[in-house]
Amino acid sequence: MADHSSKLDIVQATAALKSLRSLRNNVGTLFHSLTEGIGLQLGQDSKESRFVAELQQQLVTVQSGVKEFEEAINNVDSVQVNLGNSGHLNQDCTPDALHLYESLVTSYRWTDNLTEYSGYATTLLSQNALKRSTLIHAKRRRLQPSSQNVAPQTIDSVINQVCRSLGDNVKIETFRPYGSSTVLQITLGKIMKGIVVLKRLMVEWVVVKGATEELIEDGKIDMWGESRYKVFRKVTENANAAMLHFYSPAYPELAIRSFLTWFNSYQSLFTSPCKKCGHHLHNLLPPTWRDLRTLDPYHEDCKP
Amino acid sequence: MGVIVLQLFAVPDGKSGPQVIEMLTKRVIALGAVLSGSFIVDCETYSSTASLGAPRSVHLLHNSETPASVFALLEAASGNKTVALVADNLFDLLMLKLSNFYTAKKQTKIESRGPRFEAGDFLVKLGSVTMGPAFKGILVEVEYQACSLPAACWDLIREFMQGFLGGCVPSTPPQYIQNRFGDMLGTIDGINQYLEQFNAFRKTTGIR
């Protein structure tokens, strides 16, 4: 019944135990003097009277000790668990049932504590809300599970829609030379051409070449060869960087639309000077970088 | 296959042709250009014999940039227009067979030769023009290979040319290019410009 005692008022209980100990001590001294008697000292004339007086004094001490103990006991709040009719188990005298009530009270205490502690835990945990971003993303992803499985017709209609919104100077042709992957051949006026390989609606590969360079070799689209000219090799490099920037599997349509809008800004590759230095040439190259948001032209070294 | 701009560089007084070429070479190299061989463009003119009626000229040009081709430019009967023919090397031999109809004008073979530089996507050719033994002047050819549309890249070419030629580069493109500002230009447009310049050299005496 350790749990039981832990519920008691510690100060009062200690005081009660102390008075019990002094009471036992006094009683012990009393019985000791009763058995051993009192040795004669000094006058020795009134042996009996002295013995009686001594005994009386000790009995008074014991009596006051008993009173003190009773008071202390009354002060201790008894936190007796009342388990209703189960209390009758305590009066069962068969040895098997002797400890039943005791363990019943123990388990009652355990459940009581459990309820109490879990109550504290709930308040603490609700104060420190554990919001994990992954949980939120997982929910969104569940809403758009289709980026991995897009029908060719959907791709065509998205591309056509984007192409129309970009104006007359852009021509986008779609091919599917290797099954389901779509290959876009983009012609930007008389300035440059590009090949964009899509996986579903996501951009996988970009190559940029000059307007006079051939994109089709031996009847096949040459998607691995580099441009002869440095400026288009640089633009290819930047287009690949932009492709990674715009990559977003959750919104594939938005990604390809943004990428193609950005790509379209290269119509002014040779005409518009750098936004920062105001010149056309830097390191013998025109401004080959276009800002990803504002589409402003910048040289490789003038990038903000 | 890009835009070719041919620019006359006036030889300053008291300087010889080779001195000017050397000066320009230094400037071009300072811009980051790399010497890559030399070049030559030559032009020979044939005129028709009396049996063909009104006299007409055929100009035969060779360009070391396109070594397998011969350019034959026939002056049209009316106006300043020319009819261009791009043929194989054998055309030179055919011209010899046609000597009954077209005869070579004497002492009119003119050529421009000099060093050739590559600077990024630019090609720079510094040519000294000579007619026979006489030095006539300096022609600078700048080609931007990456773009064939003058309307798009003229400003770019002008900025590059001003970088080493200085103030002699006009802000408006040459008349020949202005007339074809929105077209895709090719090798033949370079040849036409050379012919224009060569004709102007022939008309002037002394150094231009």
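Looking only at the stretch B:158-183, residues that are over 17 Å from the mean Cα position of the chain (by Cα), buried (at least 20 other Cβ atoms within 10 Å of the Cβ) and more than 9 Å from chain A (Cβ to nearest Cβ) come to 1 in all. Scanning the stretch B:93-146 for residues that are outside any strand (DSSP E or B) and within 14 Å of chain A (Cβ to nearest Cβ), which turns out nearest to B:V58 (Cα to Cα)? Ranking the qualifying residues of the stretch B:93-146, first place goes to B:Q145.
Restricting attention to the stretch A:255-283 and to residues that are farther than 15 Å from B:A152 by Cβ and among the aliphatic types (A, V, I, L, M), the residue that is farthest from the other protein chains (Cβ to nearest Cβ) turns out to be A:A255.
Looking across B:L31, B:L24, one residue alone is in the same structural domain as B:E141 (by TED's automatic domain parsing), within 28 Å of A:H282 (Cβ to Cβ) and either surrounded by 19 or more Cβ atoms within 10 Å (Cβ to Cβ) or at pLDDT below 90 (or both). It is B:L24.
Does A:T111 qualify as being at pLDDT 90 or above, closer than 19 Å to A:A239 by Cβ and among the polar types (S, T, N, Q)? It is false that A:T111 is at pLDDT 90 or above, closer than 19 Å to A:A239 by Cβ and among the polar types (S, T, N, Q). Screening A:S248 against (1) in contact (Cβ under 8 Å) with a residue 24 or more places away in the chain; (2) closer than 19 Å to A:T182 by Cβ; (3) of a type in the set (S, T, N, Q) leaves a single unmet condition, (1). What about A:V231, is it part of a helix (DSSP H, G or I) and either of a type outside the set (D, E) or within 14 Å of chain B (Cβ to nearest Cβ) (or both)? Against the criterion (part of a helix (DSSP H, G or I) and either of a type outside the set (D, E) or within 14 Å of chain B (Cβ to nearest Cβ) (or both)), A:V231 qualifies.
For the stretch A:261-300, filtering for residues that are in a loop (DSSP other than H, G, I, E, B), within 15 Å of B:C153 (Cα to Cα) and in contact (Cβ under 8 Å) with a residue 60 or more places away in the chain leaves 2.
Within the set B:S51, B:S36, the sole residue that is at negative phi and not assigned by TED's automatic domain parsing to the domain that holds B:S148 turns out to be B:S51. Determine whether the stretch B:52-61 contains at least one residue that is under 20 Å from the mean Cα position of the chain (by Cα) and either under 30 Å from B:M23 (Cβ atoms) or among the charged types (D, E, K, R) (or both). Yes - at least one qualifying residue is present in the stretch B:52-61. For the stretch B:163-208, the set of residues classified as farther than 21 Å from B:Y46 by Cα and small (G, A, S) consists of B:G163, B:G166, B:G167, B:S171, B:G182, B:G186, B:G206, listed by residue number. Of the residues in the stretch A:220-227, at least one is within 12 Å of another protein chain (Cβ to nearest Cβ) and either within 26 Å of B:G2 (Cα to Cα) or not in a helix (DSSP H, G or I) (or both). For the stretch A:147-169, does any single residue satisfy the condition of being at pLDDT below 85 and either under 20 Å from the mean Cα position of the chain (by Cα) or more than 15 Å from A:I256 (Cα to Cα) (or both)? Yes, the stretch A:147-169 contains a residue that is at pLDDT below 85 and either under 20 Å from the mean Cα position of the chain (by Cα) or more than 15 Å from A:I256 (Cα to Cα) (or both).
Could you pull out the residue among A:P286, A:P252, A:P304 that is in contact with a strand residue (DSSP E or B) (Cβ under 9 Å, 6 or more places away or on another chain) and within 14 Å of another protein chain (Cβ to nearest Cβ)? Being in contact with a strand residue (DSSP E or B) (Cβ under 9 Å, 6 or more places away or on another chain) and within 14 Å of another protein chain (Cβ to nearest Cβ) holds for just one of A:P286, A:P252, A:P304, which is A:P286. Can you name the residue in the stretch B:147-157 that is among the small types (G, A, S) and assigned to a helix (DSSP H, G or I) and, of all such residues, is farthest from the other protein chains (Cβ to nearest Cβ)? The extreme case among them is B:A151. B:N199 passes all but one of (1) within 14 Å of chain A (Cβ to nearest Cβ); (2) without any contact (Cβ under 8 Å) to a residue 40 or more places away in the chain; (3) not basic (K, R); which number fails? Exception for B:N199: condition (1).
Hey, among A:E213, A:E253, which residue is in a loop (DSSP other than H, G, I, E, B), under 21 Å from A:E173 (Cβ atoms) and assigned by TED's automatic domain parsing to the domain that holds A:S157? Of A:E213, A:E253, the one residue that is in a loop (DSSP other than H, G, I, E, B), under 21 Å from A:E173 (Cβ atoms) and assigned by TED's automatic domain parsing to the domain that holds A:S157 is A:E213.
Close Cβ contacts (under 7 Å, 6 or more residues apart or on different chains) running from residues in the stretch A:170-197 that are within 14 Å of chain B (Cβ to nearest Cβ) and on the phi > 0 side of the Ramachandran plot to residues that are surrounded by 16 or more Cβ atoms within 10 Å (Cβ to Cβ) and not aliphatic (A, V, I, L, M) comprise A:G189/A:Q267.
The values are calculated or read from the model by the stated rules, or taken from the named source; none is laboratory data. None of these values were measured; they are calculated from a predicted model. As a convention, Cβ positions derive from the backbone with ideal geometry for all residues, glycine included, and neighbour counts pool all protein chains shown.
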